[in-house]
1. Taking Cβ-Cβ under 4.7 Å as the only way to count a partner, pick out the unpartnered cysteines of the chain.
2. Beyond 23 Å, how much of the Cα-Cα pair distribution for the chain remains, as a whole percent?
3. Of all the stretches in the chain, which is the longest one without any exposed loop site, taking GluC sites (Glu not before Pro) in a DSSP loop (any state but H, G, I, E, B) with at most 15 other Cβ atoms within 10 Å?
4. What distance in nm separates the simple spin-label points at K17 and F53, each placed 7 Å from Cα in the Cβ direction?
5. Under a straight-distance cross-link criterion of Cα-Cα below 27 Å, which lysines are reachable from K6, leaving out those fewer than 8 residues away in the same chain?
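What follows draws every value from the coordinates through simple rules; no lab data is involved. What you see is a predicted model; the values in this text were computed from it and never measured. FYI the Cβ positions are ideal-geometry reconstructions off the backbone, even for glycines, and counts take in every protein chain you see.
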Amino acid sequence: MFHVGKLEDLEIGEAIKLDQFNPPIAVIRGESGEIYAIDDTCTHAQASFCDGFVEGDTVECPLHMSVFCLKTGVPDNPPAIKAVNVYDVEIKDGEIYVEVDR
């Protein structure tokens with residue numbers, strides 16, 4: 001498990017980019033308060049989801065407005081058609097951890 005940081009430091013709608021992985025991973029807090037981890041790079045145009053817009057439990061690519069489900073990584077609309085990887089997240093004692101098998 002990779003330690004990301006404190007749960008209290010990640011506000012609703014915010015993201016943390018984990019650049020140490022290839023591709024980078026975005027750890028995003030959805031509007032439900034749930035924490036998600038997905039590949040940070042849109043499969044259509046190489047944009048960072050950390051610069052995107054969180055609505056509900058989705059994130060919108062900042063370039064061409066494809067919306068990705070934070071639970072499944074699947075895009076809801078074109079131009080993106082390929083899903084991104086999702087990662088298991090665990091909260092222990094107020095700390096965020098992401099399962100990264102790389």
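1. Result for the chain is C50, C69, no neighbouring Cys Cβ within the cutoff.
2. More than 23 Å apart: 17 percent of the Cα pairs in the chain.
3. The reported range is 35-98.
4. 2.0
5. In chain and number order, the partners are K17, K71, K92.
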